[in-house]
């Protein structure tokens, strides 16, 4: 599915060269990362992979402060649907319980951070309205009824 979106972006995007360069850079970095992990012994490879995965999840959760900032400045949260935020928050709660159960510190750290960030975004739905109020603009031309 992700590959479909990337191909669609490359096909329909006006700045194709920039996107292709970016995707090539990401593919090269991922290849080098996998080669490095392949040269490690099994236990170090697992631990390093866990650290990278946790870091990636924490980096992904950094979109929440931007969305919170946008909600505060616009005084409305109409640009984010509620269902995915609630679903992600509940799934992070499950992941926290799971990471405690399997005793994985890096997974626990990443999930707790994402849970707090997503919970903060979820709280914006209780603070700000989900639709902007439309102002009644009176017509400058008087109407006869």
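For residue 97, the conditions (1) surrounded by fewer than 17 Cβ atoms within 10 Å (Cβ to Cβ); (2) modelled with pLDDT of 90 or more; (3) under 20 Å from residue 49 (Cβ atoms) all hold with the exception of (3).
Residue 102 passes every criterion in (1) loosely packed, with under 15 Cβ neighbours inside 10 Å; (2) in the same structural domain as residue 51 (by TED's automatic domain parsing); (3) modelled with pLDDT under 85 apart from (3). Within the range 41-56, the presence of a residue that is loosely packed, with under 12 Cβ neighbours inside 10 Å, touching a helix residue (DSSP H, G or I) at 6+ places or on another chain (Cβ under 9 Å) and in a loop (DSSP other than H, G, I, E, B) is excluded. When each of 9, 19, 35 is tested for being in a helix (DSSP H, G or I) and exposed (fewer than 10 other Cβ atoms within 10 Å of the Cβ), the lone residue that passes is 35.
The values are calculated or read from the model by the stated rules, or taken from the named source; none is laboratory data. Only a predicted model underlies this, so the values are computations on that prediction, with no experimental measurement involved. Counting neighbours? That spans all protein chains shown, and the Cβs are built from the backbone with ideal geometry, glycine included.
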